[in-house]
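I have placed the structure first, in the form of structure tokens, so that the comments after it can refer back to it.
The values are calculated or read from the model by the stated rules, or taken from the named source; none is laboratory data. All figures in this text were calculated on a predicted structure; none of them were measured in a lab. FYI the Cβ positions are ideal-geometry reconstructions off the backbone, even for glycines, and counts take in every protein chain you see. Note: areas computed on protein heavy atoms with side chains; ligands, DNA, RNA excluded. Shrake-Rupley method; radii C 1.70, N 1.55, O 1.52, S 1.80 Å.
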Amino acid sequence: MIKFFRKIRYNLMEQNKTGKYLKYALGEIVLVMLGILLALQVNNWNEARKTNKIEKQIFENLLSSLKKDSTELVRIVDFQVKSARQHNRIINSTVSEFTSAISEDSISNILHELCNGRYSFFPKYGIYNSIVSSKGLDILHSETIRSKLIDLYDYEYKRYESIDKVLDERFDAILVPFLNKEIGFYINSNSEHNKIDIKNLEANFHELQLQCKYITGQSTSSLTLLQSIQSNVNELITEMRVEKRKL
């Protein structure tokens, strides 16, 4: 092809057809420029395809991680809702109301649910941290999704962990030892519990109420934040699925 155009140029020059030669030279320049632009366009298209592929993979990885968090949140929120309900039940009952209306087995189950408030949600940071370290978030086209991911992982999760740390200390260092020592209630590693002695419970019921009052404020804050996180995680999953389908 190059030899063909070169031959045309030589013929035009030999025939002393300067005007036609200049027109031809201009046309050749235009063709070259069009070829360069086409090559750049193809290169940009290929780069866009690569970027879309990477973005799609980022969405897939993050969705996998967020789905696991969502499943775990269902379990932990359920534990904490039941725990909060039993806290309020104990706080708002008299000892006679609490012990006369239900059986010893039921009371043991209530104390078991009471202790379930110490179960914690552990966010999965691995994939997110890996994406951030490789500047993968910069690839995401959706500013909204990028902002929500940063807010979830770098603010909401961290805030929950701070609240949960205090709550864990109150359960593990105060309430659970009190139940063990004063009421004789134990939960083993298989989450099995014993049947309590009603007399021990009646003798220490007022102190149990104080323990519940001491914990309930922190547990309410933890539960409220967890429910907000749960809603945001599920909303983010939905938005990311929609965005992923566009790629």
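Data for the structure
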item	result
All positions within the stretch 197-247 that are part of a helix (DSSP H, G or I), free of Cβ contacts under 8 Å to residues at least 24 places away in the same chain and under 30 Å from K181 (Cα atoms)	K199, N200, A203, L210, G217
Subset of the stretch 109-136 (residues that are on the phi < 0 side of the Ramachandran plot, at pLDDT below 90 and surrounded by fewer than 16 Cβ atoms within 10 Å (Cβ to Cβ))	S134
Count of the stretch 54-98 residues which are part of a helix (DSSP H, G or I) and either free of Cβ contacts under 8 Å to residues at least 40 places away in the same chain or closer than 23 Å to F171 by Cβ (or both)	27
Condition met for I150 (open to solvent by 60 Å² or more (accessible area, probe 1.4 Å), among the hydrophobic types (A, V, I, L, M, F, W, C) and touching a residue at least 12 places away in the same chain (Cβ under 8 Å))	yes
Close pairs from the stretch 164-185: first touching a residue at least 24 places away in the same chain (Cβ under 8 Å) and closer than 20 Å to S221 by Cα, partner surrounded by fewer than 15 Cβ atoms within 10 Å (Cβ to Cβ) and not basic (K, R), Cβ under 9 Å, at least 6 apart	R170/Y214; I174/Y214; L175/Y214
